[in-house]
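As structure tokens, the structure follows; a few thoughts come after it.
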Amino acid sequence: MLTGNRLVHALGFKQSSKLIPGTTKGMQPLGWCYVYVPDMKLSCQMEWWTYRLGNGEYAVKCILSRMLILFRYVNTDYALASLLRHVSNLLPVILSYDINCQYHKNFGRRMTAMGAVASLGLNLSNWQYAIPKLHIRGHITACQAIFAFHFLPGGAETDGEGIERQWAHLGPIGTSTKEMGPGHRHDVIDDHLHHWVWEKLMRTGTATKKKLLAARGEAQAQCEDFEEFCAHHSELVEGWKAMVMDWDEKKSTKNPYEKPKMGE
């Protein structure tokens, strides 16, 4: 079977009555097989179900039922790899994503499996993973203690939600795009996004100056409060500092930002 320029191998076909439920009302299980794409090392499970047409004939329906871990994020991985081709792997990176608590798992392995598509020589020791500040509120406490921007060196007051702000701009055009065909709709959305990015670029200088002036005043107030707090807990400060340094340098697996459990 050919898909694009890739040869796909069906790794055996097995009769089975224990298939993953799909759109199978009125159908009978026929069998399943694994499909493998060699050059990207991706696998998925495909099922075949039969159903009666009512005139003595039967039809077969194929269902893509299970994607393995290397295939789950392939579109996101490819887009990220395409961007990273233009970024030095010597630079520190904070990767922000709504589901980074899951996405970061096996990240290096997935990039390696993509082969020539992502031959980046990634230096993952310079990488940190974060969840945007609005979305992280929907995650469990354990996620918040690990992936909060406030706890990452260099994270500062970054909120990670900048990519979401365009939705307020795009919402009103829905009354027009819903009447369009696919090609026209895509072109209109692209045009609006390009305009939004251009305006953001033109206002970068003014916006950065405004944030810098606000940050200077806030930094002074925060430093004064921090110094006062440390003065009242001077006997504990060195221990706290050592815990944070060990965590940031990955010398310890004990997260200093995680709320202690009862009795600890």
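Observations, loosely collected:
- Of all the numbered requirements in (1) over 25 Å from Leu95 (Cβ atoms); (2) out of contact with any Leu (no Cβ under 7 Å at 6 or more places or on another chain), His192 misses one, and that requirement is (2).
- Residues in segment 148-165 include at least one that is touching a residue at least 24 places away in the same chain (Cβ under 8 Å), more than 30 Å from Cys223 (Cβ to Cβ) and surrounded by 11 or more Cβ atoms within 10 Å (Cβ to Cβ).
- Residue, farthest from the chain's Cα centre (by Cα), within segment 203-226, restricted to residues that are of a type in the set (S, T, N, Q) and exposed (fewer than 11 other Cβ atoms within 10 Å of the Cβ): Gln220
- Odd one out for His169, checked against (1) surrounded by 13 or more Cβ atoms within 10 Å (Cβ to Cβ); (2) within 29 Å of Thr253 (Cβ to Cβ); (3) at pLDDT below 85: (2)
- In segment 181-202, residue surrounded by the most Cβ atoms within 10 Å (Cβ to Cβ) [restricted to those that are among the β-branched types (Val, Ile, Thr) and within 18 Å of Glu164 (Cα to Cα)]: Ile189
- Whenever a residue of segment 205-228 is assigned to a helix (DSSP H, G or I), its partners that are modelled with pLDDT under 90 and of a type in the set (Lys, Arg), lying with C-beta atoms within less than 9 angstrom and at least six residues away or across chains, give the pairs Ala207/Lys200.
- Among the conditions (1) at pLDDT below 90; (2) part of a helix (DSSP H, G or I); (3) surrounded by 10 or more Cβ atoms within 10 Å (Cβ to Cβ), the only one that Leu236 does not satisfy is (1).
The values are calculated or read from the model by the stated rules, or taken from the named source; none is laboratory data. Here the structure is a predicted model, which means the values were calculated and not measured. Cβ atoms come from the backbone with ideal geometry, glycine included; neighbour counts cover every protein chain shown.
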